[in-house]
């Protein structure tokens, strides 16, 4: 089977998904020493399909060296997948601006903001060449979708931009596995999104004030 190389600073649910559930499906996850770039590189081989990390890392609150990891991924012709949940739903950090290819969010946290709904988001950065020979499910005719070649129709020459990954997630992943959020919960997420910047700004200001107080009271 193929493998994905991941940092080891991960949310517990994600770690068990990678280590246990994906292993049952024949997908191996290899965990680097923390977020060390040399350790990540040492785990990459010809069957590696992606590099995975979190910003900010859970539970260590580490800040990975995104520039070095993206440079490594480009050298190896691999996409970088980042869970950006802890970066306040994108308020603190925009991964695509730094060359990340696929961005994930647990919308339950910052985007929803009020604990009313559960959901997640996949964002296709439109900045990776899925036609490099490593991803036949995107670059060859799809048996499950009438022979459609996602890259030919929705790749970098598409009038919609490079959305091949996002389209395949929707038309095959959503159809076959069913991770569909209800309309009402989607509405609640959109309501939360409207106040994301206000909430993040206030929380950051309060956090800084507490940190300054603690510095004076060691």
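Where in the stretch 138-218 are the helices (runs of 4 or more DSSP H), entirely inside, with at least 3 residues that are out of contact with any strand residue (DSSP E or B) (no Cβ under 6 Å at 6 or more places or on another chain), in contact (Cβ under 8 Å) with a residue 60 or more places away in the chain and surrounded by 10 or more Cβ atoms within 10 Å (Cβ to Cβ)? Let's see the steps before the verdict.
Numbers: elements: 150-154, 164-168, 183-194, 196-215.
Counting at least 3 such residues, we get 183-194, 196-215.
State all residues of the stretch 116-127 that are part of a loop (DSSP other than H, G, I, E, B) and either touching a strand residue (DSSP E or B) at 6+ places or on another chain (Cβ under 8 Å) or under 19 Å from residue 176 (Cα atoms) (or both); if no residue qualifies, say none. Working first, answer last.
Step one: of the stretch 116-127, the residues part of a loop (DSSP other than H, G, I, E, B) are 116-119, 125-127.
Hits for the stretch 116-127 are 119, 125.
What residue, of 9, 31, is crowded, with 17+ Cβ neighbours inside 10 Å, in contact (Cβ under 8 Å) with a residue 40 or more places away in the chain and farther than 17 Å from residue 102 by Cα? Spell out how you get there, then give the answer.
Numbers: 31 fails: in contact (Cβ under 8 Å) with a residue 40 or more places away in the chain.
Answer to the check: 9.
Please specify each residue of the stretch 91-101 satisfying the condition of being outside any loop (DSSP other than H, G, I, E, B) and free of Cβ contacts under 8 Å to residues at least 40 places away in the same chain.
To start, the set of residues in the stretch 91-101 that are outside any loop (DSSP other than H, G, I, E, B) comprises 95-98.
96, 97, 98, listed by residue number.
What single numbered condition from (1) surrounded by fewer than 19 Cβ atoms within 10 Å (Cβ to Cβ); (2) at negative phi fails to hold for residue 61?
Among (1) surrounded by fewer than 19 Cβ atoms within 10 Å (Cβ to Cβ); (2) at negative phi, residue 61 violates only (2).
Could you tell me which numbered condition residue 50 fails, if it satisfies all but one of (1) under 16 Å from residue 103 (Cα atoms); (2) assigned to a helix (DSSP H, G or I)?
(2)
For the stretch 33-43, does any single residue satisfy the condition of being part of a helix (DSSP H, G or I) and touching a strand residue (DSSP E or B) at 6+ places or on another chain (Cβ under 8 Å)?
Yes, that holds for at least one residue.
Mind checking which residues of the stretch 81-100 are in contact with a strand residue (DSSP E or B) (Cβ under 6 Å, 6 or more places away or on another chain) and more than 22 Å from residue 201 (Cβ to Cβ)?
Those that are in contact with a strand residue (DSSP E or B) (Cβ under 6 Å, 6 or more places away or on another chain) and more than 22 Å from residue 201 (Cβ to Cβ): 81, 82, 83, 100.
Conditions (1) crowded, with 19+ Cβ neighbours inside 10 Å; (2) part of a strand (DSSP E or B); (3) within 15 Å of the chain's Cα centre (by Cα); (4) modelled with pLDDT of 95 or more, marked per residue:
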{"residue": "69", "(1), (2), (3), (4)": "yes, no, yes, yes"}
{"residue": "73", "(1), (2), (3), (4)": "yes, no, yes, yes"}
{"residue": "78", "(1), (2), (3), (4)": "yes, no, yes, yes"}
{"residue": "82", "(1), (2), (3), (4)": "yes, yes, yes, yes"}
{"residue": "87", "(1), (2), (3), (4)": "yes, no, yes, yes"}
{"residue": "103", "(1), (2), (3), (4)": "yes, yes, yes, yes"}
{"residue": "114", "(1), (2), (3), (4)": "no, no, no, no"}
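The values are calculated or read from the model by the stated rules, or taken from the named source; none is laboratory data. The model shown is predicted, which means the values in this text are computed figures rather than measured ones. Cβ sites come from the backbone with ideal geometry, for glycine too, and all protein chains shown count toward neighbours.
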